[in-house]
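Single-structure report; data block below.
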Amino acid sequence: MIRLSDIAPGTRAALLTVGGERAFRRRLMELGLLPGTSVRLVRRVDVGDMLELEVRGCHVSLRRSDADRLTVRLVQT
């Protein structure tokens, strides 16, 4: 298991766990980030230390500190 914030841009992964407080976990689940969901890191944005993810065909931005709470398993394409 690795953190979502540690994968390279263009990498696909399956979400394993969503950590953090209950309200944080619920918000991510509302955005479609559920365990088992396939995600792809599109790019890292230096301004604000943000990550752009592709989740279920949509683009979602997360702070790196929030992405540190998500663990993933790499998926071969």
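Read-outs: derived from the displayed coordinates by stated rules, not from any lab. In this text, all values refer to a predicted model and were calculated from it rather than measured experimentally. Here Cβ is always computed from backbone atoms with ideal geometry, including for glycine, and neighbour counts include all displayed protein chains.
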Checklist entry - Can you tell me which residue in segment 33-49 is nearest to the chain's Cα centre (by Cα), limited to those that are closer than 18 Å to Gly20 by Cα and hydrophobic (A, V, I, L, M, F, W, C)? => result Leu33
Checklist entry - So which residues in segment 1-24 are under 17 Å from Arg63 (Cβ atoms) and over 12 Å from the mean Cα position of the chain (by Cα), if there are any at all? => result Gly20, Glu21, Ala23, Phe24
Checklist entry - Looking at segment 1-45, which of its residues are in contact with a Pro (Cβ under 8 Å, 6 or more places away or on another chain), free of Cβ contacts under 8 Å to residues at least 40 places away in the same chain and of a type outside the set (A, V, I, L, M)? => result Arg43, Arg44
Item to check | Close pairs (6 angstrom Cβ cut-off, 6 or more residues apart or separate chains): among the polar types (S, T, N, Q) in segment 63-77, not in a strand (DSSP E or B) anywhere | outcome: Thr71/Met1
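Just a yes or no: is a residue in segment 25-32 on the phi > 0 side of the Ramachandran plot and under 11 Å from the mean Cα position of the chain (by Cα)? Steps first, please.
Our first condition is that a residue be on the phi > 0 side of the Ramachandran plot; within segment 25-32, this holds for 32.
Those left that are additionally under 11 Å from the mean Cα position of the chain (by Cα): 32.
Yes: segment 25-32 contains one or more residues that are on the phi > 0 side of the Ramachandran plot and under 11 Å from the mean Cα position of the chain (by Cα).
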